[in-house]
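Bear in mind these aren't lab numbers, they're just calculated from the coordinates by the rules spelled out. Given the structure is predicted, the values throughout are model-derived calculations rather than measurements.
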Amino acid sequence: MECRDVREMADSFLGDELLTETNHEILRHLESCPVCRADLASRRELREGVRRAFQRAPDLSPSPEFVARLRSTLQSHVHQTPARRSLRSWGWWALAASVLLAAVLGVAYRGDVREHAFSSARLLQSALQARGARIWAVDPLFEDRELAAMGYTPFSSEWSGEVQAIILQADHQAFRSFDVSRYPNCRVVLDGRWAMSPKQIRQIKVLGMEYLRIGSGQGAAVSARERGAR
């Protein structure tokens, strides 16, 4: 199995969606490939960061009415679904479900690079939508029609007041001046690349939003060095 194969199946591997034989092939590859191990660790950390963001932001908790509707839907679905699948996937779905309107900043694989093939944005969108979230995508490197063609919903400024969470997924230079004050109902900002400036972080806290970041920041540093070398 090649690195490209592993990257293409990484999100499915983390979601335990692959055949046992395929999992074993990926594990064998990871034993001898530090690059893929680091990529997989980064994806896993991003997933865990999103989960922690939900837990630490009370304002993103589901309303009692939504919980009641969801419970009714789940119970109805369980009766129509094999027991093995319902215990495995719907149990987690019920545990993690929340009402969330989020903007994902960057669908590119890395900062200021117009490449989206191995982007974690797909993982974010799939994971959040599976839990009832509505996701918008923002990326200055792609036009709205291109984002739509990739399966994302392009963000429109008319929705600024609806955004409850902002997730920085790609370290684009343009996001260094991103103004969070335009999103008055945002409650949490998850910096997945350690890319926000001290000024932005201060603004986030002054506005009463929670600022979270994950990882070591090394990925952002590497990206910055690469941009400087070009």
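Structure values in brief
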read-out	value
Residues with amide H under 5 Å from that of R213, placed H, sequence gap 5 or more	D191
Per residue convex hull volume, Cα atoms of the range 99-224, in Å³	100 Å³
Phi-based couplings in Hz for the range 120-130 (Karplus 6.51, -1.76, 1.60; Gly and Pro marked x)	6, 4, 5, 4, 4, 4, 5, 5, 6, 5, 5
